[in-house]
Amino acid sequence: MAKIIDGKKISQEIKAELKEKVAVLKAAGKTGALAVIQVGEDPASSVYVRNKKNACAYIGIESLAYELPESTTEAELLKLIEELNQKEEVKGILVQLPLPGHICEDKVIQAISPKKDVDGFHPQSVGAMTIGEKGFLSCTPAGIIQLLKRSDVDMEGKHCVVIGRSNIVGKPMALLMLRENATVTIAHSRTKNLPELCKQADILIVAIGKPRFIGAEYVKEGAVVIDVGIHRNENNKLCGDVKFDEVESIASAITPVPGGVGPMTIAMLMSNCVQSIEED
Ligand code: NAP
């Protein structure tokens with residue numbers, strides 16, 4: 001049976017460490033707020049936004065909520081971001097994605113000052129990560145690195161297969177694994193012989209976005225399996241991209257859904273906020 005990598009516990013440890021850090025920074029007169037912008041009322045986005053505000057409250061930083069109507073224009077949103085870029089007390093700006101179809105997400109991401117880009121999506125942040133310079137790391141992949149490190153999974157020299165090449169998960173994930181000296185293969189929808197390729201992985205990171213896609217035939221005995229996917233099944237229960245029940249008996253360690261990668265994303269967002277307050 002695989003060891004269960006407990007993202008809930010590890011994310012709580014990280015948030016507790018951040019809480020202590022925030023107290024020390026406050027005592028030294030260093031404070032700051034995270035601005036959280038939501039456009040429209042997508043229920044899933046509302047849950048994420050609420051969790052982010054709660055995490056801010058827990059670690060002791062202020063969150064400023066901007067709940068804008070669905071009808072908000074791109075120009076109005078860009079104007080708000082520009083105002084927040086100028087506000088001294090705002091150290092981080094987060095725009096909850098996805099945005100309504102009439103607003104260009106790339107334009108919005110690029111409007112956020114890289115100094116306040118706590119999601120790590122700005123091209124400058126991505127570029128800095130690519131060449132190993134200082135900057136904000138994309139939260140979900142950075143959270144996965146923390147999960148692996150804090151579970152004593154050795155990455156150096158290991159073959160890591162990342163399934164998925166999105167800008168927010170797959171690509172930054174592959175780059176961060178490379179930074180940890182893993183040998184990295186990126187697979188995507190055009191990859192041939194996916195099961196055979198995945199079966200070569202010592203560490204398999206799955207970010208396909210398809211419920212219960214990866215079964216036993218994709219996993220090598222003793223591999224570490226990280227499931228990034230989040231879906232609701234027909235019974236309204238959360239599940240991942242991996243058939244947990246099948247893979248658990250083959251892998252040496254595995255993340256569950258829920259309680260694996262999900263909680264780490266918010267913990268790393270908080271970590272980026274604290275970094276921003278610290279460095280200002
Ligand atoms: P995405 O943008 O839809 O990307 C999915 C990737 O999977 C694409 O690169 C796609 O390849 C590849 N893919 C799709 N079908 C495939 C197949 N049959 N074989 C091989 N590759 C295939 O999704 P995403 O934003 O990266 O997110 C992935 C999953 O993670 C989703 O379930 C999402 O909800 C979840 N997620 C979770 C968190 C968290 O905090 N836990 C954060 C972000 C995302 P192509 O590029 O060729 O199309």
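A few notes on this one:
- Restricting the stretch 223-235 to residues that are within 16 Å of the ligand (Cβ to nearest atom), open to solvent by 20 Å² or more (accessible area, probe 1.4 Å) and of a type outside the set (A, V, I, L, M), the residue that is modelled with the highest pLDDT: His231
- A single entry from Ile214, Ile277, Ile230 fulfils the requirement of being within 18 Å of Cys160 (Cβ to Cβ) and not aromatic (Phe, Trp, Tyr): Ile214.
- Only one of the numbered conditions (1) in a helix (DSSP H, G or I); (2) closer than 14 Å to Ala2 by Cα is not met by Glu221, and that is (1).
- Of residues in the stretch 238-277 being in contact with a Pro (Cβ under 8 Å, 6 or more places away or on another chain) and outside any strand (DSSP E or B), the one farthest from the ligand (Cβ to nearest atom): Phe244
- The stretch 89-114, residues that are among the acidic types (Asp, Glu) and touching a Gly at 6+ places or on another chain (Cβ under 9 Å): Glu89
- Residue in the stretch 65-83 that is part of a loop (DSSP other than H, G, I, E, B) and buried (at least 22 other Cβ atoms within 10 Å of the Cβ) present: no
- Residues located in the stretch 97-143, provided they are of a type in the set (A, V, I, L, M), within 16 Å of the ligand (Cβ to nearest atom), crowded, with 19+ Cβ neighbours inside 10 Å and part of a loop (DSSP other than H, G, I, E, B): Leu99, Val118, Leu137
- Within the stretch 143-174, tally of residues that are in contact (Cβ under 8 Å) with a residue 24 or more places away in the chain, of a type in the set (Gly, Ala, Ser) and closer than 16 Å to Ala201 by Cβ: 3
- Whenever a residue of the stretch 178-196 is within 16 Å of Tyr218 (Cα to Cα) and open to solvent by 60 Å² or more (accessible area, probe 1.4 Å), its partners that are near the ligand (Cβ under 10 Å from one of its atoms) and of a type outside the set (Gly, Ala, Ser), lying with C-beta atoms within less than 6 angstrom and at least six residues away or across chains, give the pairs Ile186/Val162; Ile186/Arg165.
- Residue match in the stretch 260-270 (condition: farther than 29 Å from Ile59 by Cβ and either modelled with pLDDT of 95 or more or surrounded by fewer than 23 Cβ atoms within 10 Å (Cβ to Cβ) (or both)): no
- Residue in the stretch 37-45 that is touching a strand residue (DSSP E or B) at 6+ places or on another chain (Cβ under 7 Å), of a type outside the set (Phe, Trp, Tyr) and at pLDDT below 95 present: yes
- Test: Arg190 is touching a helix residue (DSSP H, G or I) at 6+ places or on another chain (Cβ under 6 Å) and among the basic types (Lys, Arg): no
- Residue in the stretch 208-222 that is within 21 Å of the chain's Cα centre (by Cα), within 24 Å of Asp152 (Cα to Cα) and open to solvent by 10 Å² or more (accessible area, probe 1.4 Å) present: no
The values are calculated or read from the model by the stated rules, or taken from the named source; none is laboratory data. On a predicted model such as this, the values are computed, not experimentally measured, just so you know. In this analysis, Cβ positions are derived from the backbone assuming ideal geometry, glycine residues included, and neighbour counts consider all displayed protein chains. Each accessible area value is taken on the protein alone, full model and side chains, heavy atoms only, with ligands, DNA and RNA left out. Shrake-Rupley method; radii C 1.70, N 1.55, O 1.52, S 1.80 Å.
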